[in-house]
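Reviewing the structure listed below.
The values are calculated or read from the model by the stated rules, or taken from the named source; none is laboratory data. Quick caveat: nothing in here was measured; it's all calculated off a predicted structure. A quick note on method: Cβ atoms are made from the backbone with ideal geometry, for glycine too, and the neighbour counts reach across all protein chains shown. We work out accessible area using only protein heavy atoms, side chains counted, and drop any ligands, DNA or RNA first. Shrake-Rupley method; radii C 1.70, N 1.55, O 1.52, S 1.80 Å.
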Amino acid sequence: MQLTPTFHSLLLQFRSVFTVPTFATFLTLATGWCLSCRRRYVTELIESAGAVHNGHHSRYHRFFSDAAWLIDDLYELLARDAVRTFSPEGVIQLGVDDTLCHRRGLTIFGTGMHHDPLISSRKQPHVSWGHNWVILSLLVPNPPWAPTKVWALPVGMRLYRNRQGLTKGKAQETKTKTKGKGKAKAKRGKKNAADPNHRTRPELAVELIHQFAARFPDREVVVSGDSAYGGKSVLQHLPENVGLISRVASNAALYEPAPPPQPNRKGAPRKKGNRLPSMADWAADETKPYTMLTFDQYGLHATLRIKTMRALYYKAGKNRLLTIVLVRDTEGGRPDQMFYCTRLDWDAAAILSHYAARWS
């Protein structure tokens, strides 16, 4: 079986990433991936593509382990083509999150126990064995083929590995003599040292964001992510042309901007102003009324009551001024939530719309 001519011509755009023999293997595997209706193991891809007798099967396995190509080069061409097609002008909207890919074998490289959101609940978290991928996606709101939906096209990914020691194996036991008894006593050795090359999910996300921003230095980019990607490890390391939308913890400490330095005051100038009320106090403050917002996008159909202000989320963003949005659901019974945005020119509707699109 073969791919349609239009999809085959799309794959031809990636010829520069591979050598001639490797590109032929890539076409075969891509064909098998699209045509397979079962689990997409490499042997299944060979059979679905009709290439059972086209060379030894090990050639297709070596494509992922030893072939001369880089996945970052592949994603660069994919990102440029996707932005040119779906976001040729204006702000480029991105979403970042991690996803679990289940695996069974205990000897597969990079696997580990990770949080499984599909079988977890708020009260009972669960973990599963597999790969955990941090993925940066281009958000395509209201495409022509689905006017009420949002499509997320991956434009970069990194494999997250659990924190491990530099060496594996059991700790050696040393024998020491106890004082006065002369008996040997087993003493466990020290724990393995932490791997200095280990990177967290937010650090991997920052790497992907910098890589994407370098490809489009003349474009404005806004990334949305949940609270795991909204802390200081991301917010304090954003490129100049990248903004961020994320959640604010309900117990977060927000501050007013730092007052201007006084000429006769001794000591270093203040880095932040007075502390602002907590989320609960802000929500209950009747002197600052709510604004009604009817939201009907991307699966969220509700009438929201919102408040906005500008403040410092000092623990995460130091002295970076942010737009803070407090949201109260009047229909669905969702708990109060706060969001922040580094773009000071965006209103609450734009911020919530962009954040809701990340669910795709």
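Among K266, K272, K307, K288, which is of a type in the set (D, E, K, R), buried (at least 16 other Cβ atoms within 10 Å of the Cβ) and assigned to a loop (DSSP other than H, G, I, E, B)?
Unique residue meeting the criteria: K272.
Between a first residue in segment 32-54 that is within 16 Å of L3 (Cβ to Cβ) and open to solvent by less than 30 Å² (accessible area, probe 1.4 Å) and a second residue that is of a type in the set (K, R) and part of a loop (DSSP other than H, G, I, E, B), which pairs have beta carbons less than 8 Å apart while being 6 or more apart in sequence or on different chains?
Qualifying pairs under 8 Å: G32/R40.
Sort out which residues of segment 312-336 are buried (at least 19 other Cβ atoms within 10 Å of the Cβ) and in contact (Cβ under 8 Å) with a residue 24 or more places away in the chain, and write them in order of number.
L312, Y313, Y314, A316, G317, T323, I324, V325, L326, V327
Answer with yes or no whether S16 is touching a residue at least 24 places away in the same chain (Cβ under 8 Å), open to solvent by 80 Å² or more (accessible area, probe 1.4 Å) and among the small types (G, A, S).
Judged against the criteria, S16 is a match.
Open to solvent by 30 Å² or more (accessible area, probe 1.4 Å) and either out of contact with any Phe, Trp or Tyr (no Cβ under 6 Å at 6 or more places or on another chain) or not aromatic (F, W, Y) (or both): is that true of P239 in this structure?
The answer is no for P239.
Which residues, counting only those in segment 215-248, are assigned to a loop (DSSP other than H, G, I, E, B), of a type in the set (A, V, I, L, M, F, W, C) and in contact with a Leu (Cβ under 9 Å, 6 or more places away or on another chain)?
Across segment 215-248, the qualifying residue is only L238.
So which of L106, L94, L10, L70 ends up being open to solvent by 50 Å² or more (accessible area, probe 1.4 Å) and under 25 Å from H210 (Cα atoms)?
L70
Restricting segment 275-325 to residues that are under 27 Å from P141 (Cβ atoms) and among the basic types (K, R), which is nearest to the chain's Cα centre (by Cα)?
Among them, the one singled out is R320.
Among the numbered conditions (1) touching a strand residue (DSSP E or B) at 6+ places or on another chain (Cβ under 9 Å); (2) over 22 Å from R358 (Cβ atoms); (3) modelled with pLDDT of 85 or more, tell me where A171 comes up short.
Failing condition for A171: (3).
Checking the structure you have, find out if any residue of segment 250-273 is at pLDDT 90 or above and farther than 18 Å from Y340 by Cβ.
no
Only one residue in S250, S233, S224 is surrounded by fewer than 18 Cβ atoms within 10 Å (Cβ to Cβ), within 17 Å of the chain's Cα centre (by Cα) and not acidic (D, E), so which one is that?
Testing whether each residue is surrounded by fewer than 18 Cβ atoms within 10 Å (Cβ to Cβ), within 17 Å of the chain's Cα centre (by Cα) and not acidic (D, E) leaves just S233.
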